[in-house]
Each structure stands twice: as C-alpha cells, then as structure tokens.
Amino acid sequence: MGSREVMLVLLCMSSSCLGQAAQGRGSGAETQLISGNGLINLGKRWGSKSPLMHISANLTEITSIKSLFEFRTLDPEGVVFYGDTKGGADWFVLGLRGGVPEMQIGKANTLTSVLGGPKLNDGKWHKVELRSEGIFVVLEVDGTAALVLGLHIKNPDDCYLTGQMRLSLGGILSSKLELMNPLQTEMDGCVRAGNWLNISAPWQLGPNEVLHPCFDEIQKGSYFPGTGLALFNSSDFPANQMEDGGAEVKIQGHSLSWNGTVLSLKGSQDEAVLTITANPQTEV
C-alpha cells in the first residue's frame, strides 16, 4: 500500500537516499504469484500473524516514493500494509485501530506511532495515498491529508540503505517484531487499483493462503466464523419485532459454495426452533 513507499522514504528520511541503495539478492522459491494492482481480499486464516502476500525488491530498483490504492473494510482493527529493510531492523506499519488509521515506525532503535484521521471501516471505498515529504510520512485519504508522522535520525549512517526492501499486505513479515502499540494483525478488507512504489513485479501469496473474492457490495451485520455459536436474549430484540410476534433474520453470501448447516436456532432447552441447511446445488 502506499505505505510501502512511505516506508522507504521514512527509513531514508529523504528521497535522496534512494540513490544510496545497494543491490541485494532475491529471496527463495516462489509459490502462487498475484498482480499487485488487482482486486485483493486481505482476509485469510484467522489467528495467522503472517501476511496474505508479499514481495521483495532491490532498493536500486525502487524509483518512486509514493504509493496509491483504494481500500474498503468493515473491520475496526488490523494491519493493512507492512514494509521493512535490513532484514526487519527498520520497518513501517499501516493499520487500523478502532476503524481509524494508525502508522507505526521502527528505525535505529527508535519507535514512533500516530493515530488519527477519518474512520475507514464504513464499508465504502476510500482512496489512500502514502508519500514522503522530507522526514515526514503523509497519509492522505480521499484527497485530504489525514495523518503526518515524522522521525528524525541524527546519525547519517542510519540513512544508508542496502540490499532489499520487503513489502506485505494483511500482516507482518517479521515474527520478532514488537510494535510500539500492539495491534491485532488480521484484517478483513479489500484493496484495489494499487500502485506500490511503481513496482510492476507480481506478489507472492503466503504459504497455505487462498485468495478469496471481494463482494461487489457489503453491509454491516453479524459475522459467524463457523467454529462457535452466539447467544441472544429475546429481550434484546427490537421491540417492534417482538410486538409482531417474530424476528427477522437476513443471510448474505455465495450460496452455491455452501454445504452443510447455514443457520440453526435453538431455544433455552436446546430444542431446535429453526434449521437451514444447504448443498452446492441449493439456490437461495
């Protein structure tokens, strides 16, 4: 995400550092490759701290200090973008906390963080831009500056970058990384129209990850992972529904891929009140 470029600039503190980068070697074997400018669902295995997808580039190949993308989510917390150099010693994270953008930076044993701007977890598409302006990283949302984060490093040697930059979406590459403000890494959201530091190479999907589709439209509602259950008191239902003698349940999803129990309602004595099942041939 835009953060990627931001990260490079922030680590350098100046776009002039781009010229100081030295060439590094590529990483290991690739698995499934994905275009970085398509429609990408960041959702993955819940509980996984690793990113959905990642890419590495020699710093000599980085020609831009600006990244742009569109982002949509209903998720209040998670990592959108991560980038690092020096094998994870210097890093940048863009995420959401309470639906609000948060940027965190680790550089030369110094940590800094900033939170603010508009809430982005409203289910609408937002245009996001991350760019470097001197020693500052600027986050712009829908054409308006939303966050500014600066980090001044006195030692000029810390500005000298060599080797590779690693970028990832939907998670953090370094398992040993300790954020200044701990953040739940999983992010359920979609990005599209991404331009990541003008890098045209394809991204690598993480091990055991599956790229899920993004829905054309999304609405707020209850999310059930299928591994547990939810309990409700009838007194919590809207008064008008109870006055009518019933409750309304709406279910949305790709019904052709459903197989098994879709919904099961049980009373206080564990008796089944309503059960809905489906198979791949069911039309709902």
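Structure values in brief
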read-out	value
Over 18 Å (Cα to Cα) - which of Lys220/Lys266; Lys107/Lys176; Lys66/Lys127; Lys86/Lys107 fall in this group	Lys220/Lys266
Cβ-based net charge around Gly99, under 14 Å, with every Lys or Arg adding one and every Asp or Glu removing one	0
Burial ordering of Lys86, Lys107, fewest other beta-carbon atoms within 10 Å first	Lys86, Lys107
Cut-off under 5 Å, modelled amide H: who pairs with Gly189 long-range	Leu42, Gly43
Residue-by-residue Karplus 3J(HN,Hα) for the range 106-111, coefficients 6.51, -1.76, 1.60, Hz, glycine and proline x	x, 8, 6, 6, 10, 10
Equivalent ellipsoid, the range 43-152 (semi-axes from 5 times Cα gyration tensor eigenvalues, Å)	22, 18, 15
Long-range amide H partners of Gly150 with built H, under 5 Å	Val137
Residues in the range 90-116 reached by a label modelled at Glu178 [backbone nitrogen below 18 Å; 7 Å Cα→Cβ]	90-93, 104-113
Relative contact order for the range 67-147, counting Cα pairs under 8 Å that sit 6 or more residues apart, in percent	28 percent
Proxy reagent accessibility, fewest Cβ within 10 Å first, across Val138, Val114	Val114, Val138
Residue order, fewest to most surrounding Cβ atoms within 10 angstrom, among Lys119, Lys220	Lys220, Lys119
C-alpha center-to-center spacing [the range 54-122, the range 170-213] in angstrom	10 Å
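We did not get these values from a lab; they are worked out from the coordinates using the rules stated. A quick note: this is a predicted structure, and the numbers were derived from the prediction, not measured. Glycine also receives a Cβ, built like all others from the backbone with ideal geometry; neighbour counts cover every protein chain displayed.
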